[in-house]
Amino acid sequence: MLYIIQTIVYTGLMLAIYLLLLGNKPMHKFNRLYLLSTAVLPLVLPMLKLPEAYRPQQVPGSLFTGVLPEVVINSGNNATAVSIPLWATIAMALYLLVAVAFLLPGLLSYAKMRRIIGEGEKENKDGYVLLKQTGFGPGSWGRYIFLPEGDVDETIIEHERVHIALHHSLDIIFISIMQAVMWPNVFLHLLRKELVQVHEFQADAAINMEAADYSVLLLSSLFHTDKLYLTHTFIDHPIKRRIMMLHKNKTTAKLRGVVASLAATCLLACIITMQSCERGQTEVRKEPVLAFTAKMPEPGYDVYEFLAKAVKYPQEAKDKGIEGRVAIKFVVDKTGKIRDAEVASKKADPILAQAAMDAVVQFPDWTPGEDSTGNKVPVYYTVPITFKLEHDDTVTRQDGVVDRNVSDK
């Protein structure tokens, strides 16, 4: 979750630099590279950090926190882990469902293009294939140029050949996959729109034709196009931006490119520096801020087998018919040691709480957790332990499937 939030914020910051300094400026090759970098860099930025010797110290902050699956101890001193919470499974399924929904338009468009390519009237040319009478276009995808009817102005063909030569379709495929996989990142939708516009600027700039005459050609073709989702179409709105771009001076845009490069470099340096800050040791807060590590601590042994042997169902509780749930909080510090264990359940029975506490404090050392920059961090864990009186020693998970059942011999 933290990783996704970081990628969204970093994408927004880099896109803001583009819109302020580079948008609608005639430096199309640089702009295309910048926009593609804006899609890629936020994915790796959360994992970057300075070398150990250059990392500044950060002000002590809150601990990370995690929750272990629930452990059930029955009256026969058997233990089992409750399955993954239903809400987590539903959340994961919904995320994947939305990702598929974002991929669907592209997949349908690709299938439709393959059908058109298979059925269309083809003319193999030098470096491209011309498809006539398709009902779509004028436009291009891959090495194919789609024409809605028969022949069109040769200038339009040349425009689409530029798209093919510069491999603009690969950019669209890449950004479509990015939008699906990282669909919570709303800035990718604006980034895609700007990238497609830069593609058109590049193709327009490569046409050897007077700006005024080319503008007339754009306007004359405005209302005679139909577009497929993945294709580049000769007329791609807003048409005003393309016409204005034809008349701009490239020389005056170079300074903005330098400024944008410096701004982006400073932004990346600040992000990496902040992520490289060491989190100092801090006292455990009673209610720590919820966060997630890039690498959670690992016990190196089966926690549930350990608890099956370590947790003893108190005889006094059995005699009195006491059962219930106890949550124990503890810290896995930066060295992997277990410390600061405490009872988190306010209404837990004292007899059961003491039995759970006695077991948790016996945990051997864990492998410490790491944050997104690779720094060792203390992690606040909670382990729920349920004491349950049963006549049958067979223990099942909440979904009814027989799970690990380890008896204390």
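The values are calculated or read from the model by the stated rules, or taken from the named source; none is laboratory data. All values derive from a computational prediction rather than experimental measurement. We place every Cβ from the backbone using ideal geometry, glycine too, and count neighbours over all the protein chains shown. Surface areas here come from the heavy atoms of the whole protein model, side chains and all, with no ligands, DNA or RNA. Shrake-Rupley method; radii C 1.70, N 1.55, O 1.52, S 1.80 Å.
What the table below lists for this structure:
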read-out: Three-way shape call for the stretch 110-173 based on the alpha-carbon gyration tensor, with the a/c threshold at 1.5; value: oblate
read-out: Global geometry of the stretch 97-208, whether rounded, prolate or oblate, following the gyration tensor of its Cα atoms and the 1.5 cut on a/c; value: oblate
read-out: At R0 = 60 Å, FRET efficiency that the Cβ-Cβ distance of Val259 and Tyr301 yields, to 0.05; value: 0.60
read-out: Potential lengthening between Lys346 and Gln133 on full extension [0.36 nm per residue; Cα-Cα distance subtracted]; value: 69.3 nm
read-out: With all protein chains modelled, accessible area of Glu158 [1.4 Å, Å²]; value: 70 Å²
read-out: Across Lys295/Lys347; Lys320/Lys388; Lys25/Lys193; Lys25/Lys112; Lys318/Lys347; Lys49/Lys193, pairs whose alpha-carbon gap is larger than 23 Å; value: Lys295/Lys347; Lys25/Lys112; Lys49/Lys193
read-out: Candidates per chymotrypsin sites (Phe, Trp or Tyr not before Pro) in the stretch 334-388, loop by DSSP, up to 11 other Cβ within 10 Å; value: none
read-out: Computed FRET value (nearest 0.05) for Val40 with Lys312, which takes r as the C-beta separation and R₀ as 51 Å; value: 0.40
read-out: Label-point separation, Asn124 to Met209 (7 Å along Cα→Cβ), nm; value: 2.9 nm
